[in-house]
Amino acid sequence: MYQNSADSSRTASLWQHMGGLFGADALERKFGRDIPREWTSIVERMPAAELERGMRRLVHSGKAHVPALPEFVRLCKAVGDDGEWGGPKGQHALPAPAQNVTDPWGTQGNIHFFAYVYGHAKDFAGLTAQQNDVRTRTLVRWKNEWAQLMRDGDAEDHDPVAQKAMWKACMTQAETEIASDRDQVAA
């Protein structure tokens, strides 16, 4: 009923699950008889773990309506406590990685991050636990931004020189943010 030749088995399976949650008639009223191409193009590029997270969050959210695509993508991709979506609190939103599945840019970002922190250990000396936490969170956020830029980048962005330049720009932005936060607290 909801599958056409352009739909993959992954998207069709997701659509069947959505039909089970909200009713096939609700899907048809909102989106028509065929799965929208926008859904197919996004779902096909999403890792299975993200789709599973999104469905888990959708089930636990108690939503009574079929989500729009941006709403569903947010449920799949947002990192944080599942309690925000009605799931069990205290559990990290990211599932354990599947065996033999890696995110090369996330891994590379972690390697750069640890080298950066090791090389800047003196910057952490003398900080309170709260200051250390704020500094680390800011650096991790910009490390993750770098990894996302690399995932989204063109082939020329994957050149080692361009990667290093982008890493330096992200860490400079992180340090600027940290200094700004420190100045605001001091004022």
Share of alpha-carbon pairs per 5 Å distance bin for segment 9-85, given as whole %: 3, 15, 30, 27, 17, 6, 1, 0
Coarse-grained scattering of segment 104-186 at q = 0.12, 0.16, 0.21 Å⁻¹, given as base-10 log I(q)/I(0) from a Debye sum over alpha-carbon atoms: -0.37, -0.62, -0.96
Lysines whose Cα lies under 27 Å from that of Lys77, excluding same-chain neighbours fewer than 8 positions away: Lys30, Lys63, Lys89, Lys143, Lys164, Lys168
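Bear in mind that the values in this text are calculations on the coordinates, not laboratory data. Given the structure is predicted, the values throughout are model-derived calculations rather than measurements.
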